[in-house]
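Just below is one structure, and these are the notes that go with it.
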Amino acid sequence: MPQQLSIAIAGAGLVGRLLSWRLLRLGHKVQLFDDGDPQHSRSAAHTAAAMISPLSEVVVSERSIYDMGVSSLAIWPRWLEELNVSAPTPVHYAAPGSLVVAHPADMAELEQFYADLRFHLGADNNARWLERRDLYDMEPDIAGQFDRALYLPDEAYLDNRHLLARLLEEIQALGGACFAHHPVNFMPEATLGEQALEGFDCIFDCRGMGARQSQKDLRGVRGEVLWAQTDEVQLRHPVRLMHPRYKLYIVPKPGNRFIIGATEIESQDRSPVSVQSMLELCSALYTLNPAFAEARILELDANLRPSYWHNLPLIEHERVPSAGAKAQNIVRINGLYRHGYLLAPTLVEDVLARLPDFTHPQTDTV
Amino acid sequence: MDPLKLYGENFSSRLLLGTALYPSPQAMLESIEASRCEIVTLGLRRQNPKDRDGAQIWEAIKGTGCRLLPNTAGCKTVKEAVNLAEMSREIFNTPWIKLEVVGDDYNLQPDPFGLVEAAQELVKRGFKVLPYCTDDLVLCQKLLSVGCEVLMPWGSPIGTGQGLLNKYNLRTLRERLPNIPLIVDAGIGAPSQACEAMEMGFDAVLLNTAVAKAQQPALMAQAFGNAIDAGRAAYSAGLMQKRQTASPSTPVIGQPFWHQQSRQQ
């Protein structure tokens, strides 16, 4: 085994947890610090719908997001298999592909979606048009409402809240130390309370929105979601509804539950869901199948997506002089925006591959 | 110099750009730069403005050096629009307001009655109102009579990209209100449509979706900037009248007659 490293990770969101878990599996020592209680996460990863949908997302971003997403689609099943080995109930993961629909009056939105896919992906665009009959075979409970749909093969989704809890269990089982209510500050030296963090080969800043004070170009993009439950409608695929003004999705979750999201508002506002957004989310649900009218609303949630100006993720390494004996290796991983589950495994693998650089005592910046 | 004059201020660009719907703030800022526009609109309605929760993005937009034209997008009543205008004036320290009062939820068509009422109230409160209106002449006259000095009739409903749907009405506005700055706002999908509006003598064009949702927004912004320049230059230069019969630009006299024959063969 290569040299055992001692690693500190600030932020127990999705990236912090995945990175802790992978480092522990490689035999390193990990201490995970969070400013809240990881058992009751307030991270964006807790609010998210947790789709792994490279095709859908390339339409609102760029090719690199697709490439990272495709790589994550290969990593997730492998990682979940490892996580599920010792789990009493496995974390739900499915890759049935997803559906994109628009009402007949909004068909131009669907055509535009397809044109954008072709623009970004060229020959890699494997989206397929479905007529009403194909849609009926694939997702009978919404077929009545739509003449046409697009099918995006391979896109996946997972049960994120279960995953987050399971990761925490696994981190502890592997001997990782997890500290709740221990905020790490980066100014830029990493400190815990008044003390510099000492004795670590590398300190990872995975705080998401928690890093906003020290990173001025990080911003939050508000998103609002709704959870509903009904046994009257069954969905096998995540469904995206294209509308001239809002693009929303419905993702099935275990227990006849559905998550509907998400609004996208350029605002740092973390206050509860607005009536306007609630109306939009409920309308989207209702128009998929009117039987959703009697679904029960389980939860409304609003959160912020940590984002940089280009809405792309960044991994940045810096050696920071410290009051302690040696300089600190600090690596920031942030800006996953609306692509947490799509990008996190790929970014974590990238970080692991660069670990020798990050922990090399001579390295200044990478 | 052929400046656009709005409420006593001169602008060299005749394109006004919206700041919503871009794939990222960076794409938005690059588009603003590529378009060479000098006025940008921005909406606060959903950003929880009373707590300044959108401040980070507002600062970035301010950093472009463009004049800010806050709008009341999303407001459906006079009271909502007036309140949001007041908040915008306080936040951005400007009396300019793009007034929108939505009358129909589906196509975001302006409510003409609410619009006149809100415009009257805002003018009374010292605002410089740029109302987003339909292309109805009488509505436009009413807006002028309550104190608006600039009008922004639609080309077609917001986000449709249908272009200039009712050219008869738009031409009527231009002819009947020759001294009022008229900005075609909404519905412009292609640079050719923007160019056409400018050729018809409109003073400027305001758009958002066609640039923001393009696959390469900055490139489309540049295309619109060029088209609007071309349309304005064409209007100033004086477009020729369309004619029923072809008129040769070289005289027929002196042209060898066998040329005609060879064509007929």
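Nothing in this text is a laboratory measurement; each read-out follows from the coordinates by a stated rule. Please read these numbers as outputs of a predicted model, since none were measured by experiment. Note that each Cβ is placed from the backbone with ideal geometry, even for glycine, and that neighbours are counted across all protein chains shown.
Pairs of Cα atoms nearer than 8 Å and 6+ residues apart set the relative contact order; for region B:1-136 it is 17 percent.
Tell me, what is a quarter of the convex hull surface for the C-alpha atoms of region B:4-239, in nm² with one decimal?
On the way: hull surface 45.4 nm².
Its average projected convex-hull area is 11.4 nm².
In this Cβ point-charge picture (+1 for Lys and Arg, -1 for Asp and Glu), the protein assembly as shown has a dipole of about 1220 debye about its Cα centre.
Annotation for region A:44-61 versus region B:94-110: alpha-carbon center distance of 32 Å.
Taking a straight line from the alpha carbon of A:Lys29, these lysines sit under 20 Å away, with near neighbours fewer than eight places off in the same chain left out: A:Lys326. Counting only residues at least eight positions apart within a chain, or on another chain, the lysines with an alpha carbon under 24 Å from that of B:Lys128 are B:Lys5, B:Lys50, B:Lys62, B:Lys76, B:Lys79, B:Lys98, B:Lys142.
Overall, region A:1-74 carries a charge dipole of about 280 debye about its Cα centre when +1 sits on the Cβ of Lys and Arg and -1 on the Cβ of Asp and Glu, all other atoms neutral. Scanning chain A for DSSP H helices at least 15 Å long along the axis (C-alpha atoms) with a Kyte-Doolittle mean no lower than 0.5 picks out A:14-25, A:275-288, A:340-353. Of the residues A:Ile250, A:Thr287, A:Tyr341, the one whose Cα sits farthest toward the positive end of the charge dipole of chain A, with +1 on the Cβ of Lys and Arg and -1 on the Cβ of Asp and Glu, is A:Tyr341. Which of the aspartates and glutamates could a cross-linker span from B:Lys213 if the Cα-Cα distance has to be under 19 Å and same-chain partners fewer than 8 positions apart are dropped? Straight-distance partners of B:Lys213: A:Glu57, A:Glu62, A:Asp106, A:Glu109, A:Glu111, A:Asp116, A:Glu264, A:Glu266, B:Glu30, B:Glu33, B:Asp185.
Where in chain B lies the longest segment free of trypsin sites (Lys or Arg not before Pro) that are both loop residues by DSSP (not H, G, I, E, B) and have at most 14 other Cβ atoms within 10 Å?
Working: sites that count: B:Arg125, B:Lys242, B:Arg243.
Longest gap between qualifying sites, sites excluded: B:1-124.
When you restrict to C-alpha pairs under 8 Å that are six or more residues apart and normalise by the size of chain B, the relative contact order lands at 19 percent.
So for the protein assembly as shown: antiparallel DSSP bridges make up what percent, rounded to the nearest 5?
Values: 54 of 94 bridges.
About 55 percent, rounded to the nearest 5.
Each peptide among A:130-140, A:309-319 gets the average number of other Cβ atoms lying within 10 Å of its residues, and from highest to lowest they stand as A:309-319, A:130-140.
Under 8 Å for C-alpha pairs, at least 6 residues apart: give me the relative contact order for chain A, rounded to a whole percent. Intermediate values should be presented prior to the final figure.
Numbers: 743 pairs, mean separation 84.8, N = 366.
Worked out over chain A, it gives 23 percent.
Computed about its Cα centre, the charge dipole of chain A is approximately 320 debye, with only Lys, Arg, Asp and Glu carrying charge at their Cβ. Bridges between two residues of chain A, per DSSP, are antiparallel at a rate of about 75%. Count neighbours as other Cβ atoms within 10 Å of each site's Cβ, and list the GluC sites (Glu not before Pro) in region A:175-228 that are DSSP loop with at most 11 such neighbours. Loop-located and lightly packed - A:Glu194. The ellipsoid equivalent to the alpha-carbon distribution of region A:94-160 has semi-axes of 19, 18, 10 angstrom, derived from the gyration tensor eigenvalues as √(5λ) and listed largest first.
Let me confirm one metric for peptide A:112-123, namely the mean number of other chain beta-carbon atoms within 10 Å of its residues' beta-carbons. The partial results should precede the final answer.
Numbers: counts 3, 0, 0, 1, 3, 0, 1, 3, 1, 0, 0, 0.
For this peptide, the per-residue mean of nearby foreign Cβ atoms is 1.
Across the protein assembly as shown the C-alpha pair distances fall into 10 Å bins from zero in the proportions 3, 14, 23, 22, 17, 11, 6, 2, 1, 0 percent. Peptide A:308-320 has a mean shielding of 2, counted as Cβ atoms of other protein chains within 10 Å of each residue's Cβ.
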